[in-house]
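Only one structure is covered here, and it is reproduced in the block below.
Read-outs throughout are calculated quantities, based only on the coordinates presented, and are distinct from any laboratory measurement. What you see is a predicted model, and the numbers here were worked out from it, not measured in a lab. All Cβ positions, even for glycine, are placed from backbone atoms using ideal geometry, and neighbour counts span all protein chains on display.
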Amino acid sequence: MYLIKKAKQFLNEVGGMTILFLQTIYWTIRNIRSGKFDVKGLIDQMAHIGVDSVLMVCITGVSVGAVLVVQIGYQFAQMGAQGYVGGVVALAMAREMAPILTSIVVAGRVGSSIAAELGTMKITEQIDALDTLATNPVDYLVVPRFWACTIMLVMLTVLVNVVGMIGGAVVAVYQIDLTLESFTNSVLEWLRVYDLFGGLFKAMVFGAIIAIIGCFKGFTTSGGAEGVGKSTTDSVVVAIMMILAVNYFLTVFISNLNSIIF
Amino acid sequence: MIIVSNLHKSFGSKAVLKGVNLKIYDGESLVILGPSGCGKSVLLKHIIGLMKPDKGQILIDGEDITKLEQTRMDELRMRMGMLFQSAALFDSLNVEDNIAFGINRHTSLSKRAVHHLVSEKLEMVGLPGTNYLMPSELSGGMRKRVGLARAIAMEPEIILYDEPTTGLDPIMTSAIDELHLSLKEKLGVTSIMVTHDMKSAFRVADRVALHYGGQIVEIGSKEEIMNSQNPLVQQFVRGEAQGPMTQL
């Protein structure tokens, strides 16, 4: 019974999130067509979601790049394959580590903040107030957050790739005793534009997932301060689980597309 | 005219509205009384289209709002204003932006004209010069008055008040009531107020209705309600702890 109840709840939530996503796309198209797209709201959200996350994702990127080089570097050195370190790290960063880790950091920082803000608005009747002022809450609240999160996650992933590789290069040169030239050549030899874009495509999807889950959890908040706390936690947990699950399907899709194109 | 007809609403197994019937005439001030948690606010939220009923109709000037599409509903909402129990001011916007929210979104008035309009509304609610304060800097009474200024900013024909005086001191309660009356006199608005504040209700009402058990159990002029022989009305009006409302 418990499992059936949970399964029903899960399906309800997925359905609700899908409807919210479709409404967001509808309002985006409608606003663009009527020339009423809220550019100021979008820029404000991009600053909040993106700029304020820069330091956190930079630290994450440098750390991951450096750790990958240490882990891979010593193993490869034992096999006399130091020349591949740069390429392997670049591929790991571009394809998986950068989009996944950036998304997890942003889900923790931004997804929770969206859920808390919208949840508070919900329990204090501010979302009802928007409706009474003939303003659709999805249009006013979700559309700018959705696009800001989607766009900024791609940009932050680019940043994580860059700082990750810089961190990796520094460790490769000063700890693994590789030359910068050998590290760079390996990166350029192995990494293709397709790998970079594959990772950025993933980041875009993850950004959309974080925004929709954060907004959905905010909109469905009930029960006062405790409810806001629950929505905030749920938004992070569900977003991370969803990102990890969707990542598998995206990886399969991108790799199949790779086989078709190349 | 607003006609609520056979309105039903349940939340899970709990039926909150069980066939509400009500007529509100143009320009009148109707007060809906009832004990806490009886569904008064739910009824109000149906009238402005925030909730969809399980069954029944709400006709505003002959149009059934329960079947309206979003665009038409929004057009209708621009003719209505609502003061929420908690004022529901937008935390991230200052007083001026809160009051001007509807104007900015639905008109193309210049910034100067909007500022002038907002200042005029703030003057009306007795809060001149508070344009740039944030909601967090306002007291409970001030928040309610800003909420009222926002509700009347678009000069609506219908204003809905959800417990406007709850939690206010007697002086502030009188100020809100006087504002309610002056809006009715100056702008000729139709107003529906839900409250359990008897004093306030009898000060502003043309007609009073008692909502209990999911239905309107009595409706009439102030005098008719005061002299009603209905034991539910008698208990509520007299504020007695013992009576049919409190019997298990």
**Complete:** Cα-Cα pairs in the protein assembly as shown separated by more than 40 Å, as a whole percent of all pairs, come to 37
**Message:** Can you tell me the length gained on complete extension of the stretch B:Glu123 to B:Gln229, counting 0.36 nm per residue apart and subtracting the Cα distance?
**Reply:** 33.8 nm
**Item:** DSSP-defined antiparallel bridges as percent of all bridges, chain B, nearest 5
**Value:** 55
**Asked** Under a plain spin-label model, where a point goes 7 Å from the Cα along Cα-to-Cβ, how far apart in nm are A:Leu257 and A:Lys8?
**Response** 3.9
**Fill in**
Counting only DSSP beta bridges with both partners in the protein assembly as shown, the antiparallel fraction in percent, to the nearest 5, comes to 55
**Request:** Can you check what the net charge comes to around B:Ile159, using other residues whose Cβ is under 15 Å from the Cβ of B:Ile159 (Lys, Arg +1; Asp, Glu -1)?
**Result:** -1
**Request:** Along Cα→Cβ, 7 Å out, is where each label goes; now give me the distance between the ones at B:Met198 and A:Val193 in nm to one decimal.
**Result:** 8.0
**Request:** Just add up the charged neighbours of B:Gly129: K/R +1, D/E -1, any other residue whose Cβ is under 15 Å from the Cβ of B:Gly129.
**Result:** -2
**Prompt:** What is the Cα centroid distance between region A:50-96 and region B:190-240, reported in whole angstrom?
**Reply:** 72
**Prompt:** Between A:Val246 and B:Leu181, what is the spin-label point distance in nm, taking each point 7 Å from the Cα along the Cα→C-beta axis?
**Reply:** 5.8
**nm² value of the averaged projected area, convex hull over the Cα atoms of chain A** = 17.3
**Request:** Specify the inter-centroid distance of region A:157-193 and region B:15-69, based on alpha-carbon positions, in whole Å.
**Result:** 66
**Complete:** Of the listed links B:Lys55/B:Lys186; B:Lys18/B:Lys184; B:Lys52/B:Lys111; B:Lys144/B:Lys184; A:Lys40/A:Lys230, those spanning more than 26 angstrom between alpha carbons are B:Lys55/B:Lys186; B:Lys18/B:Lys184; B:Lys52/B:Lys111; A:Lys40/A:Lys230
**Message:** Within 10 Å of each candidate Cβ there may be at most 13 other Cβ atoms; applying that plus a DSSP loop requirement, which trypsin sites (Lys or Arg not before Pro) in region A:20-66 survive?
**Reply:** A:Lys36
**Asked** Under a Cβ-Cβ cut-off of 12 Å, what is the net charge of the residues other than A:Ile243 that fall near it, where Lys and Arg count +1 and Asp and Glu count -1?
**Response** 0
